[in-house]
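Structure record follows, encoded as structure tokens.
The values are calculated or read from the model by the stated rules, or taken from the named source; none is laboratory data. What you see is a predicted model, and the numbers here were worked out from it, not measured in a lab. Note that we place each Cβ from the backbone using ideal geometry, even for glycine, and neighbour counts take in every protein chain shown.
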There are 2 protein chains.
Amino acid sequence: MTERETTQADTIRLAIESEIFNGSLVPGASMEEGRLAARFGVSRTPVREAITQLVQAGLISKSAHRRAVVSELDPGTLLDLFEALSELEGSAAFLSTTRMSRAEKQHLLTIHEAAADNLRTQGDPNDYAKLGSAFHHGIVRGCHNTILIETTDWLSLRVLPYRRFQVMTPGRLKKNQADHDTIISAIVAGDADVARETIQRHTLEQGDALMRFIALNKTKAVDRLPRAVNEEYSV
Amino acid sequence: MTERETTQADTIRLAIESEIFNGSLVPGASMEEGRLAARFGVSRTPVREAITQLVQAGLISKSAHRRAVVSELDPGTLLDLFEALSELEGSAAFLSTTRMSRAEKQHLLTIHEAAADNLRTQGDPNDYAKLGSAFHHGIVRGCHNTILIETTDWLSLRVLPYRRFQVMTPGRLKKNQADHDTIISAIVAGDADVARETIQRHTLEQGDALMRFIALNKTKAVDRLPRAVNEEYSV
DNA sequence: ACTCGACAAAGTGTGTACACTTTTTGCCTT
DNA sequence: AAGGCAAAAAGTGTACACACTTTGTCGAGT
């Protein structure tokens with residue numbers, strides 16, 4: 001009768017994931033199984049399983065007999081990440097140009113226009129960020145290649161813990177929107193090569209900006225984060 | 001005193017992995033934790049951990065309260081896999097063209113020539129396959145982007161269980177070698193675009209050939225595999 | 001005071017027990 | 001004989017216990 005579709009380990013994994021994304025667990029923070037278990041009111045077993053999963057996802061690093069640590073990306077790796085992501089998104093855009101349905105293109109246009117509207121009316125920057133993310137995701141999904149989508153998502157996930165550092169200056173916002181405009185135009189016009197090159201450079205630049213920002217502000221920013229913890233997470 | 005650098009779960013994971021690769025565990029075969037545990041002489045705990053890891057790696061599929069199954073790729077997904085892989089290798093080749101050291105290029109040439117020699121002297125086809133794999137891997141490593149390398153390896157891993165189906169006809173061998181020749185020439189000449197396009201198309205064609213072969217011979221081939229099991233793995 | 005090393009505390013890895021879910025078996029009904 | 005329901009068997013998920021490893025502490029030697 002009592003049907004359990006989602007296991008406890010899954011619940012814990014999602015919980016830890018979101019704590020990493022919302023910044024409760026900062027990159028570099030170490031997690032101790034027993035404490036997590038106590039905090040979530042379960043035994044260590046499902047916690048361990050959740051951690052194992054997150055390790056494979058790349059969000060957590062861990063070596064034998066040592067406690068798990070939220071993955072910390074050094075600037076070099078972060079750059080590699082964005083470079084790889086930009087190539088992947090470029091490939092996706094290339095394929096999407098010829099594979100997206102009319103409805104999908106329309107959906108993308110709707111998002112793009114909503115973003116433009118947000119800029120014109122000086123709407124919530126947070127909403128703009130969401131629209132931007134939806135735009136990228138829409139393009140990637142448009143390629144209809146499950147593996148490519150999955151892989152892109154996988155890489156995007158690993159950047160997520162650092163996205164919160166991103167601050168968009170008015171100049172960057174405008175450039176961002178202009179890039180998106182070029183991309184969607186290329187897709188609609190059926191120019192796959194331009195779509196690929198534009199989104200590729202665009203994503204790379206985004207990453208570059210984020211990297212520079214982190215390099216400059218990291219220490220200060222970390223200390224100022226709400227509920228941020230540098231060392232051990234406290235109950 | 002007794003130092004344990006590799007945990008039992010790791011050992012088990014590697015063991016299962018290699019059984020998947022060498023065909024003892026065929027895609028679609030279901031694995032039962034208790035039996036695996038007994039077979040490896042450990043408790044279920046490390047086996048479960050190994051399985052969790054392999055699930056995240058994509059080699060095994062599993063849903064709650066159901067036993068784990070060696071991932072089975074339908075033709076469509078397999079095609080997607082090769083398409084994604086071809087894009088990734090294309091990107092890597094593009095970057096490698098400008099980033100490979102002289103020594104790395106030399107190493108690649110050595111491999112390529114050994115392969116050519118193998119063809120001329122009608123050497124062991126198995127050796128030729130290994131050289132081909134080393135060639136691809138060498139190009140990917142040449143891009144010096146950890147994430148891109150890691151991601152490419154990740155996708156390659158998922159194809160591995162199906163590589164054993166691959167049979168190279170003399171015609172394919174020659175074409176394969178010619179492609180490799182074009183690629184290495186482009187890299188040495190510094191023509192990144194040609195390198196990208198060539199290896200991209202090359203990998204895609206490889207995948208296509210493999211797919212067709214599997215589609216034609218799968219059922220028969222599976223039954224003929226040494227130590228192959230269709231249903232449950234028996235102790 | 002500093003280094004080194006033994007001891008103590010904390011934490012991870014794995015074995016085992018048990019609850020709950022799924023699958024199988026076999027009986028009953030039609 | 002086929003279909004379906006119920007109980008039993010098998011298997012997965014989780015708690016807990018314990019061994020071994022790592023980490024932290026404290027005191028002795030220099």
The condition of being of a type in the set (Gly, Ala, Ser) and at pLDDT below 80 holds, among B:Ala228, B:Ala186, only for B:Ala228
By residue number, the members of the range A:38-53 that are free of Cβ contacts under 8 Å to residues at least 40 places away in the same chain, more than 14 Å from chain B (Cβ to nearest Cβ) and assigned to a helix (DSSP H, G or I) are A:Phe40
Restricting attention to the range B:17-37, the residues that are away from DNA strand C (no atom under 14 Å from the Cβ), crowded, with 18+ Cβ neighbours inside 10 Å and assigned to a helix (DSSP H, G or I) number exactly 3
Across the range A:72-98, the tally of residues that are away from every other protein chain (no Cβ under 11 Å) and surrounded by fewer than 24 Cβ atoms within 10 Å (Cβ to Cβ) stands at 3
- Query: Restricting attention to the range B:107-127, does a residue exist that is at the interface with another protein chain (Cβ under 10 Å from one of its Cβ atoms) and within 30 Å of A:Leu204 (Cα to Cα)?
  - Reply: no
Among (1) within 13 Å of chain A (Cβ to nearest Cβ); (2) touching a Phe, Trp or Tyr at 6+ places or on another chain (Cβ under 9 Å), B:Asp208 falls short only on (1)
All-but-one check, A:Gln166 against (1) away from chain B (no Cβ under 14 Å); (2) within 16 Å of the chain's Cα centre (by Cα); (3) part of a helix (DSSP H, G or I); (4) among the polar types (S, T, N, Q), failing number (3)
Scanning the range B:30-43 for residues that are of a type in the set (D, E, K, R) and either under 15 Å from B:His65 (Cβ atoms) or in contact with a Pro (Cβ under 8 Å, 6 or more places away or on another chain) (or both) gives B:Glu32, B:Glu33
**Report entry** Any hit, the range B:72-83, residues being among the small types (Gly, Ala, Ser) and within 16 Å of DNA strand D (Cβ to nearest atom)
**Finding:** no
Considering residues that are outside any helix (DSSP H, G or I) and either surrounded by 14 or more Cβ atoms within 10 Å (Cβ to Cβ) or not hydrophobic (A, V, I, L, M, F, W, C) (or both), the number found within the range B:1-16 is 6
Exactly one of A:Val47, A:Val70 is among the β-branched types (Val, Ile, Thr), at pLDDT 95 or above and more than 25 Å from B:Asn145 (Cα to Cα), and that one is A:Val47
B:Ala64 passes all but one of the listed conditions (1) within 28 Å of B:Thr152 (Cβ to Cβ); (2) within 16 Å of DNA strand C (Cβ to nearest atom); (3) small (Gly, Ala, Ser); the exception is number (1)
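Going by what's in this entry, would B:Thr98 be described as β-branched (Val, Ile, Thr), farther than 17 Å from B:Glu150 by Cα, touching a residue at least 60 places away in the same chain (Cβ under 8 Å) and more than 16 Å from DNA strand C (Cβ to nearest atom)?
yes
For residues that are within 12 Å of DNA strand D (Cβ to nearest atom) and touching a helix residue (DSSP H, G or I) at 6+ places or on another chain (Cβ under 8 Å), tally how many sit in the range B:34-44.
Going through the range B:34-44 one residue at a time, the tally reaches 5.
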